[in-house]
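See structure below.
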Amino acid sequence: MEQNILCEVNNCKYWQSGNECTADEIYVVSHKGKQASNSKDTDCKTFIPEA
């Protein structure tokens, strides 16, 4: 299944021109256990800084 995942963090290894994410999968976690109230309660664990 093709997915369109956008990311504005241009120093990430998976960032591509046009704010496209090229990672095969995305791992998102919540700061508050298994639930989040809004996007500020989450983090993308897929992020890897460019070397």
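The values are calculated or read from the model by the stated rules, or taken from the named source; none is laboratory data. These figures come from a predicted structure and were not determined experimentally. These area figures cover heavy atoms from the full protein model, side chains too; ligands, DNA and RNA do not enter into them. Shrake-Rupley method; radii C 1.70, N 1.55, O 1.52, S 1.80 Å.
A few notes on this one:
- Top of SER30, SER39, SER17 by mean-square fluctuation, Gaussian network on the chain, Cα under 10 Å: SER39
- Annotation: per residue accessible area for the chain equals 91 Å², rounded to a whole number [probe 1.4 Å, protein chains only].
- When a 1.4 Å probe is rolled over the protein heavy atoms, the share of accessible surface on the chain that falls to carbon and sulfur comes to 45 percent.
- Answer label for Cα extents along the principal axes in Å (calculated), chosen among (1) 30, 17, 17; (2) 32, 29, 16; (3) 31, 21, 21: (2)
- Potential lengthening of the chain between ASP41 and LEU6 amounts to 10.7 nm, from the contour at 0.36 nm per residue minus the alpha-carbon distance.
- Residues whose amide H falls under 5 Å from that of THR46, counting only those 5 or more places apart or on a different chain, are TYR27, with hydrogens built in the peptide plane.
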